[in-house]
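**Q** Starting off with a structure, shown below.
The values are calculated or read from the model by the stated rules, or taken from the named source; none is laboratory data. These numbers come from a predicted model, not from an experiment. All Cβ positions, even for glycine, are placed from backbone atoms using ideal geometry, and neighbour counts span all protein chains on display.
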Amino acid sequence: MIASPFERTLYLDADVFVMTDVTELFSLLDRFDIALAHDQERNSAHSAAIWRRPFGACFPQFNSGVIAFRKTAAVTTLLNAWREAVRDNDMKRDQSALRELLWHSDLRIATLPPEYNMMDLSSVLRLDGASIAPRIIHHYQIHRTVKGAVPGTIREMLGPAAAEAIGRMIAADRYIARAESRQPWRLARWRKRSLQARMAFFKLMCRLFVK
């Protein structure tokens, strides 16, 4: 991240999948220095881990898999200190050091909502039309292979049920629909939709999830 030549950078781990346009994150950096989401497994051993001082649950670890940041002297100082902390302490996980360094910094931090770093995919099957669609999926299954090949679609990575649920959520998301100059789908009326409407949804799914 330190070597990024850009004034504004969006860092993504290797096990993430961007579902829709997220360029608005760069606009967020007009007001903030760095943007990232909280770790979603906050009661796990690694998320509750302490580096040099303990913190309460009100200032949890941030997940380091999705980070948007500006190239400023203060951000570069933080990134250098983070790298040195991980290296000098032989850390297997880096988020406890990141949390403490952010605590002591004067950076303007934007806390992203979980849909920009969606890790709990089981929740996707429980969400309805009032829930906002995931923008970035972050899951270990993206690392796996299918019959020796790296999966290329969400359906291959996460299975048909999760893929269809995410597709419905994207179709119903008011923010995405507004950006695409269309009306959001109303999922509660899905079963009553005409064949033409179902075909339109199928085409949307193909555009999103098929190579």
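**Q** Quickly run through the stretch 58-87 and pick out the residues that are exposed (fewer than 13 other Cβ atoms within 10 Å of the Cβ) and under 21 Å from the mean Cα position of the chain (by Cα).
**A** Within the stretch 58-87, Cys58, Phe59 meet the criteria.
Matching residues to (1) hydroxyl-bearing (Ser, Thr, Tyr); (2) modelled with pLDDT of 90 or more; (3) in the same structural domain as Ser44 (by TED's automatic domain parsing):
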residue	(1), (2), (3)
Thr72	yes, yes, yes
Leu79	no, yes, yes
Asp106	no, yes, yes
Ala110	no, yes, yes
Val146	no, no, no
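**Q** Shifting gears a bit: Can you tell me which residue in the stretch 1-28 is surrounded by the fewest Cβ atoms within 10 Å (Cβ to Cβ), limited to those that are free of Cβ contacts under 8 Å to residues at least 40 places away in the same chain and of a type in the set (Gly, Ala, Ser)?
**A** So the residue we want is Ala3.
**Q** Also, I was wondering about something else. Tell me which residues, restricted to the stretch 29-57, are exposed (fewer than 14 other Cβ atoms within 10 Å of the Cβ) and more than 23 Å from Ser123 (Cβ to Cβ).
**A** The answer is Asp30, Arg31, Ile50, Arg52, Arg53, Pro54, Gly56.
**Q** Taking the condition under 24 Å from Ile176 (Cβ atoms) and under 21 Å from the mean Cα position of the chain (by Cα), does Glu24 pass?
**A** Yes, satisfied.
**Q** Sticking with this structure for a sec: Consider the stretch 18-34. How many of its residues are of a type outside the set (Val, Ile, Thr), in contact with a Leu (Cβ under 9 Å, 6 or more places away or on another chain) and more than 14 Å from Ile67 (Cβ to Cβ)?
**A** 1
**Q** Kindly establish whether Met118 is in contact with a strand residue (DSSP E or B) (Cβ under 8 Å, 6 or more places away or on another chain) and either at pLDDT below 95 or not assigned by TED's automatic domain parsing to the domain that holds Ala37 (or both).
**A** Criteria met by Met118.
**Q** Right, another one. Report, by residue number, each residue of the stretch 16-60 that is closer than 14 Å to Arg93 by Cα and in contact with a strand residue (DSSP E or B) (Cβ under 7 Å, 6 or more places away or on another chain).
**A** Asp39
**Q** Moving on to the next point. Mind listing just one residue for me: the one in the stretch 95-134 that is closer than 30 Å to Met169 by Cα and among the hydroxyl-bearing types (Ser, Thr, Tyr) and, of those, surrounded by the fewest Cβ atoms within 10 Å (Cβ to Cβ)?
**A** Only one residue fits best here, namely Ser122.
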